[in-house]
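Have a look at the structure below, then the notes.
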Amino acid sequence: MTDELPELTSFILPTGSPSSAQLHVARTVCRRAERRMVPLVQDEETVDPAALAYVNRLSDYFFTAARFVNFCEDRDEVQYRSGGERGLSNRGRTDSIFLRERVVVKLKK
């Protein structure tokens, strides 16, 4: 599945078909579970570290599966790129604001 997809050069936004969106939701649920498991593995030692590794790999699978569904359905991928930064003055202090841009990339040529 991964071999057929173009290499990632930046973060992508979770866009695409309804099936892909559902896979992205499943991925975020896995990531949330993973974050909640970390203290149980490190501090309390009530969860097997292999379970944490499994949930991590499962979320990676959901991410790749979502990209693959978009690839098979000839959907575009939207990459997230930082467009630099600029300073704004607010009451005498300068804050750094990052500019962002959306870049649509075709998965198939």
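Residues that are out of contact with any Phe, Trp or Tyr (no Cβ under 6 Å at 6 or more places or on another chain) and either charged (D, E, K, R) or open to solvent by 70 Å² or more (accessible area, probe 1.4 Å) (or both) within the stretch 1-28 comprise 2, 3, 4, 7, 9, 14, 18, 22, 25, listed in sequence order. Is it the case that residue 65 is small (Gly, Ala, Ser), at pLDDT 85 or above and open to solvent by 50 Å² or more (accessible area, probe 1.4 Å)? No; evaluated as a whole, the condition is false for this residue. Scanning the stretch 29-57 for residues that are part of a helix (DSSP H, G or I), open to solvent by 50 Å² or more (accessible area, probe 1.4 Å) and either touching a helix residue (DSSP H, G or I) at 6+ places or on another chain (Cβ under 8 Å) or among the aliphatic types (A, V, I, L, M) (or both) yields a count of 6. Taken over the stretch 1-28, the residue count meeting the criterion of being under 12 Å from the mean Cα position of the chain (by Cα) and part of a loop (DSSP other than H, G, I, E, B) is 4.
Determine if the stretch 83-103 includes at least one residue that is within 20 Å of residue 11 (Cα to Cα), at pLDDT 65 or above, open to solvent by 70 Å² or more (accessible area, probe 1.4 Å) and not in a helix (DSSP H, G or I). No, the conditions are met nowhere in the stretch 83-103.
The values are calculated or read from the model by the stated rules, or taken from the named source; none is laboratory data. The structure displayed is predicted, hence computed values, not measured ones. In this analysis, Cβ positions are derived from the backbone assuming ideal geometry, glycine residues included, and neighbour counts consider all displayed protein chains. Only protein heavy atoms, including side chains, enter the accessible area calculation; ligands, DNA and RNA are left aside. Shrake-Rupley method; radii C 1.70, N 1.55, O 1.52, S 1.80 Å.
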